1. Report P(r) for the chain: all Cα-Cα distances, bin width 20 Å, range 0 to the bin holding the largest distance, values in whole percent.
2. Amide H of residue 297: which non-local residues (sequence gap of 5 or more, or other chain) have their own amide H closer than 5 Å, using H built in the peptide plane?
3. Compute the angle between helix 4-22 and the longest alpha-carbon principal axis of the chain, please, reported from 0 to 90 degrees and rounded to the nearest 10.
4. Tally Lys and Arg at +1 and Asp and Glu at -1 over the other residues with C-beta under 9 Å from the C-beta of residue 652: what net charge comes out?
5. At 4 °C and 1.567 mPa s, what whole-number value in µm²/s does Stokes-Einstein give for the translational diffusion of region 37-95, with Rh from the Kirkwood sum over Cα pairs?
6. Using r as the Cβ-Cβ distance of residue 596 and residue 697, and R0 as 60 Å, what FRET efficiency do you calculate, to the nearest 0.05?
7. State the extension gain, in nm to one decimal, for the chain segment bounded by residue 290 and residue 369, taking 0.36 nm per residue of separation less the distance between their alpha-carbons.
8. For region 554-690, with equal point scatterers placed on the C-alpha atoms only and solvent neglected, what are the log10 I(q)/I(0) values from the Debye formula at q = 0.16, 0.21 1/Å, to two decimals?
Amino acid sequence: MKNYPLIVALLIGIIGYAQKNLEASVEGNVNNLPVREYKLTIEQQKVNKAGKEVMGMTVNGGIPGPTLEFTEGEYAVIYVENKMNVETSIHWHGILLPNYFDGVPYLTTPPIEPGTTFKYEFEIKQSGTYWYHSHTMLQEQSGVYGSLMIHPKEKQLDYDKDLVLLLSDWTNEKPKDVLRFLKRGTEWYNIKKGTATPLNQVIKRGALGAQIDFWRQRMEGADIADIYYPAFLINGEEKVTYPQFKPGEKVRLRIIDGSASTSFWMTFGGETPTLVSADGVDIVPVKRNKTFIAVAETYDFIVEIPEDRKLEFKITAQDGSGTASAYLGQGEVLSAPSVPRPDKIAMMQQMADMKMKMGAPALKFNPKKVDPYEMMDKWGMHMEEMDHNAMNMPDDDKSDHMDHSRMNHDDMEKENDTTIIDHSTMDHGNMMDENDQSGKGHAMADMPGMGMFSEYNYDYLESPEKTSYDEDIPVTDILLNLTGNMSRYVWSMNGVPLAETDKIKIKGDEVTRITFNNLTMMHHPMHLHGHFFRVINENGEYSPLKHTVNVPPMQKVTIEFYGNEYGDWFFHCHILYHMDSGMARVVSYDTARDERMEAHPVKKLVNQTNKFYTWGMLDAASHMTEFSLVSSDIRNQFTVLGEYGWNENLEAEFSYEYYLNDWVRLFAGVNVENEVEDSMEELSTTAIGGIRYFTPYMFSLDLRLDNKLRPQISLAREIMIFSRLAVFGEYEFQADFGWVDELAEGENFEKEETWSAGLEYFLTKNFSLMGSYDNRFGVGGGLSLLF
Ligand SMILES: [Cu+2]
């Protein structure tokens, strides 16, 4: 028992650590800890990261900003100076700290106004790899991010040197324009990346049936990433070398995905490295090469520098659209394995085979009336629809989702979009315990097709200590379906975007268990501020602790955390453009709001996710000219439309539209049209009103009536047939029964038919060539400007 004192010391250490993490954060240096001070200055500066000089936002003159180094048990004082002409903020990602210093403007922390400095201060009560970034609008995409490296009080792992590798994505466009183009719906990013799946490829691969099934559910395809990036960066560069490491040295790579929207596959040259930590928390070390890193996650690997060789660390964007590499040591390169580009058409086929119910609503008609369990039953992947024989699994594993008929709905307390279930009133056997708790989700991976997302599970992460909570602690279950509308770029939870919901109330000294049920085609890295949560995996009581968890398409992931804080905390998808489009919530301990926040209403943060975006189009062709302008937020839309044929035919229209849900909108407006063909002599102005509907199979349907009671129907559709070529068509039929204006003598019915069809060839993001035939304007061609 020579080691007895050591074991006792270790145990006290572990208990001390655990208790500390369970205590609410306290403001001020109450324990007189040694102070470590930093100063960060944020500026707007011209930068060149991808072959073009554009305006970026730098921290202390660089992108990324500096690495802030601390040792556990220090007191951090960080001054952040804003030298820009717009407000900013810094959030300390993964750090347990007092609510006021979390850095989400208008929610927890005042925004840092231009020309001012904000002082952040908090106790460093953890160690590991973390990062910081702006939480203001889309500033993170412009460069406001950097790393945090916190050394443990006593080093437990065996390594010689540290190296931070901060991964990011870079666009030469203004981030605001990126989001605007996503809202308008653009194929351009996929064309540019070479990830588009036009009809000719779909047909060649025999996937037309799957494509039609996708269209029926109003989905274009299996999208992996939305945005085109000209460069992916490691510590700000596409290729970065670290020759200073000597053979035999063990280097702890502290890898952070600070991208705005890109997750990566990481691969390593040479010997298989050892993964030692995830999201800043040590795990049971595991030898592992190819590893997925989702946006905002961090992973620490220990690598050994080989003799006379240079080790490659490589990242490949999840959709295969680009790579970046870091090289350690000197000599010939030991290449990291390549990761093949995912096959989107094959994914589409598999998903269609699995009879997934896609297209869950991102916008509910009545956001106040939401039943997340009903939503889970109706949409997504359901086991019972599959052939049981083919699955070859034990009977009691059949249903991964709850059987609703067994539950008494009235027992549930409905609170806006979160259904909070009091466990004491329910039969545990039927409930959430079924939800992957026992690792049942794993049987799924062995089934045909189900394995397609199994490479994203977290089973390789095991905590060295038990992370489970005492069974006596009450548990509250919350189900969050992750929902989105790709064509309108509205992202939400349970079909309700941030702007249309209240806070998720949680209780202190209790466990909150959240099940994410992803009903979209995209991965969502979900991040909870100010807490670590258990990600339930096959390691049961030893499930790992994380601050960000990736939820793959059509999959469920369950997390749980102990409520030991106070105040309101932000909780959102860490894909910047998803967060800014509504996929976010506020988790609230329902404690009094900080008085220092009085002048900074949280509404300002919420409104940020429901802004108006404006886009337009101008066609200049030999037979006609066409103009359109659309301004839209989540529910409201204004549209101006003008068509003029050189043969003197004109139609112009202004309308206001209101989205009842994702697909149905009511509209009212005015229409101006020439009544006599090929003559501008007689222009008639009518009031119009009706319904616009985005139908299954993705047609735009317009049903209307004007003030002369003439009904009209129109149908339009556009399909990408080759990688840059789209075909489009529109048909319009107006009937006049003479209910208001007299018809010509002897007539009891007049009709007017308008139709057009054509081709569009995409040249750049903003320009296309177009050619069309229109039965009013004739045939012609020209240039199309998208702005
Ligand atoms: Cu997301």
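Every number here is computed from the coordinates shown, using simple stated rules; none is lab data. Everything numeric here is computed off the predicted structure, so don't read it as measured data. Cβ placement follows ideal geometry from the backbone for every residue including glycine, while neighbour counts extend to all protein chains displayed.
1. Histogram of Cα-Cα distances, whole percents per bin: 15, 46, 30, 8, 1, 0.
2. For residue 297, whose amide H was placed from the backbone, the distant partners under 5 Å are 257.
3. The angle comes out at about 30 degrees.
4. -4
5. 99 µm²/s
6. 0.65
7. Extending this stretch completely gives an extra 24.1 nm.
8. Log10 of I(q)/I(0), two decimals: -0.98, -1.28.
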